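One structure is given here, and the rest of the page talks about it.
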Amino acid sequence: MQKARIVSLRKPENQFEIGSKEILIGRSQDCDICIAEKHISRHQARISIENSCYVIENLGKNPIFINGNPSEKHFLH
């Protein structure tokens, strides 16, 4: 299994390595990737492995966007 990396478009120096574990993204301090912005839900999204692929799933009330399109669940490439 390859490792994935998340890179912030606003701050490309912010990079997060993703291995084989589940990753939580959100405003809460207990998230693996904490984004302290008011439009981010406490637990906004989860990245996990499904069928040997990384998938991101929306957990919050606020939408997530993949390549500019709103998505509830998306397999990452």
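Return the total of residues in segment 26-55 being surrounded by 14 or more Cβ atoms within 10 Å (Cβ to Cβ) and in contact (Cβ under 8 Å) with a residue 24 or more places away in the chain.
So the count comes out to 7.
Look through Glu37, Glu50 and report the one residue that is among the acidic types (Asp, Glu), within 19 Å of Asn14 (Cα to Cα) and at pLDDT below 90.
Details: Glu50 fails: within 19 Å of Asn14 (Cα to Cα).
When all the criteria are applied, what remains is Glu37.
What number of residues within segment 32-57 are part of a loop (DSSP other than H, G, I, E, B) and not basic (Lys, Arg)?
Here the count works out to 11.
Quick one: count up the residues across segment 58-73 that are under 19 Å from Ile18 (Cβ atoms), assigned to a strand (DSSP E or B) and open to solvent by 60 Å² or more (accessible area, probe 1.4 Å).
Within segment 58-73, residues that are under 19 Å from Ile18 (Cβ atoms), assigned to a strand (DSSP E or B) and open to solvent by 60 Å² or more (accessible area, probe 1.4 Å) number 2.
The values are calculated or read from the model by the stated rules, or taken from the named source; none is laboratory data. Here the structure is a predicted model, which is why all the values come from computation and not from measurement. For neighbour counting, all protein chains shown are included, and Cβ atoms are generated from backbone atoms with ideal geometry for every residue, glycine included. When the accessible area is computed, the model is the full protein with side chains, heavy atoms only, and any ligands, DNA or RNA have been set aside. Shrake-Rupley method; radii C 1.70, N 1.55, O 1.52, S 1.80 Å.
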